[in-house]
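Values quoted throughout were computed directly from the atomic coordinates according to the rules given, and no laboratory measurement underlies them. The structure displayed is predicted, hence computed values, not measured ones. FYI the Cβ positions are ideal-geometry reconstructions off the backbone, even for glycines, and counts take in every protein chain you see.
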Amino acid sequence: MKVYTGGGDKGKTSLFSGERVPKHHVRIEAYGDLDELNSFLGVLAALLPDGEQAVQNDLEGMQSTLFLAGAWLATTPDSSATAYLSPLPETAAKDIEKRIDALSEVLPELKEFILPGGQPVAAWAHVARTVCRRCERRLTNLIESANGNGAELAAIQVYLNRLSDYLFVLARYLNKVLGTADTTWKK
């Protein structure tokens, strides 16, 4: 199978459900942002310090969940293609909350705003967090503008909200593990 098809040369692309839409369609923007976020999670996984297997496992699981979420975003709600999609795991957001709690146990209590940065891997976690927030904004736009896939899009919205929280805590955790203190915002 060739990577290039020429099918998008005139500015349109196909959704998973088969419809051809402009490449700037709200669905394309939404799952394109998820793809970007997924790539940043891959960068984080590649940059993790040795010994962080639990975080590696977190990121790989999150990448798989984002892949599934992208399939939902690329499928119109009335399409028969939804029958081929698995729902997001019911515990997906709760699982992230457990991991946030586990990472937070080693962190000092946060009493001030902090600036994104620190160690390179932590800075990338902050970048991923901001991309995740953009994904949330795009998703709310999709939900409002197109009869989104109801419960599935709502579940993805909750998942992204938890994921951005995880990425914030992960940035702090990675800085702590690598011996770098949080940089507090100076008013």
query: Can you give me the Cα centroid spacing of segment 131-187 and segment 34-50 in angstrom?
result: 14
- prompt: Going by alpha carbons, how many degrees (0 to 90, nearest 10) lie between the helix axis of 26-47 and the longest principal axis of the chain?
  reply: 40
task: Quickly work out the residue 5-to-residue 91 label distance, labels modelled 7 Å from Cα along the C-beta direction, and quote it in nm with one decimal.
output: 3.7
field: Tensor-based shape of segment 102-187 (alpha-carbon gyration tensor, a/c under 1.5 rounded, otherwise prolate or oblate)
entry: prolate
- prompt: Dipole of segment 55-160 (Lys/Arg Cβ +1, Asp/Glu Cβ -1, origin at the Cα centre): which of 106, 88, 126 lies farthest to the positive side?
  reply: 126
statement: Diffusion coefficient in µm²/s returned for the chain by Stokes-Einstein, Kirkwood Rh over C-alpha pairs, 25 °C and 0.890 mPa s, is 139
field: Charge dipole (debye, nearest 20) of the chain; +1 at Cβ of Lys and Arg, -1 at Cβ of Asp and Glu
entry: 600
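Could you line up 3, 127, 169, 55 from fewest to most neighbouring Cβ atoms inside 10 Å? Present the calculation step by step, with values, prior to reporting the outcome.
Working: 3 4, 127 17, 169 20, 55 23.
In order of increasing Cβ crowding within 10 Å: 3, 127, 169, 55.
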